[in-house]
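Q: One structure coming up, written as structure tokens, with questions to follow.
The values are calculated or read from the model by the stated rules, or taken from the named source; none is laboratory data. It should be emphasised that the depicted structure is a prediction, and the values quoted were computed from it without experimental measurement. Cβ atoms come from the backbone with ideal geometry, glycine included; neighbour counts cover every protein chain shown. Please note that ligands, DNA and RNA were not included when accessible areas were found on the heavy atoms of the full protein model with its side chains. Shrake-Rupley method; radii C 1.70, N 1.55, O 1.52, S 1.80 Å.
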Amino acid sequence: MRRHPHLVARPRAVPPRGDPRQARYPLYGDFAAGITPCAFWQQGSEPQTTIDNTVGALITQNEWDSQTPLFSGRAMHRALRGSRMLTVAGGEGHGVLYAPDGNPCADKAATSYLTTGRLPAKDLPCQATTGQKQ
């Protein structure tokens, strides 16, 4: 099997084929179950960054995001006190915006924010479209 020259295998970083964890992650298989290379890094010398501001950020979040769970998006929203959160109920996967089978509700709100700099007046719920459910 030929490997990409920039990918370096790390011992025990990815479970072997047939590992029971693969059944727990049917969408991505063992890709989402493995330990990433970051797990092998030493603790940094810099202190943890404290987020304490009122930045006008629009946080977009699918309800079923395997890479950034909903509770993490909500925590970021609480930390960025000037933010608004756009949550796609029933949405699956890590990407929310501008997908081929995208979500008109999310895309419209994000485009408005990106072109005007103005956030929605309140947090915005959107419903997943058929293409966002796998």
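Q: From Ala106, Ala99, Ala89, grab the single residue that is in a helix (DSSP H, G or I), surrounded by 11 or more Cβ atoms within 10 Å (Cβ to Cβ), under 18 Å from the mean Cα position of the chain (by Cα) and not aromatic (Phe, Trp, Tyr).
A: Ala106
Q: Which one of these does Arg81 not meet: (1) farther than 22 Å from Thr129 by Cβ; (2) out of contact with any His (no Cβ under 6 Å at 6 or more places or on another chain); (3) modelled with pLDDT of 90 or more?
A: Every condition holds for Arg81 apart from (3).
Q: Taking only the range 79-112 into account, find how many residues are charged (D, E, K, R) and under 13 Å from Gln61 (Cβ atoms).
A: Residues flagged as charged (D, E, K, R) and under 13 Å from Gln61 (Cβ atoms) within the range 79-112 amount to 2.
Q: Please enumerate the residues belonging to the range 117-134 that are among the hydroxyl-bearing types (Ser, Thr, Tyr) and either at pLDDT 95 or above or open to solvent by 100 Å² or more (accessible area, probe 1.4 Å) (or both).
A: Listed by number, the list holds a single entry, Thr130.
Q: Could you list, in sequence order, the residues of the range 113-134 that are more than 15 Å from Ile59 (Cβ to Cβ), more than 18 Å from the chain's Cα centre (by Cα) and part of a helix (DSSP H, G or I)?
A: Thr115, Thr116, Thr130
Q: Kindly indicate whether Ala39 is of a type outside the set (Val, Ile, Thr), at pLDDT below 75 and part of a loop (DSSP other than H, G, I, E, B).
A: For Ala39, the condition - of a type outside the set (Val, Ile, Thr), at pLDDT below 75 and part of a loop (DSSP other than H, G, I, E, B) - is not met.
Q: Of all residues in the range 57-86, which are charged (D, E, K, R) and either assigned to a strand (DSSP E or B) or surrounded by 18 or more Cβ atoms within 10 Å (Cβ to Cβ) (or both)?
A: Glu63, Asp65, Arg84
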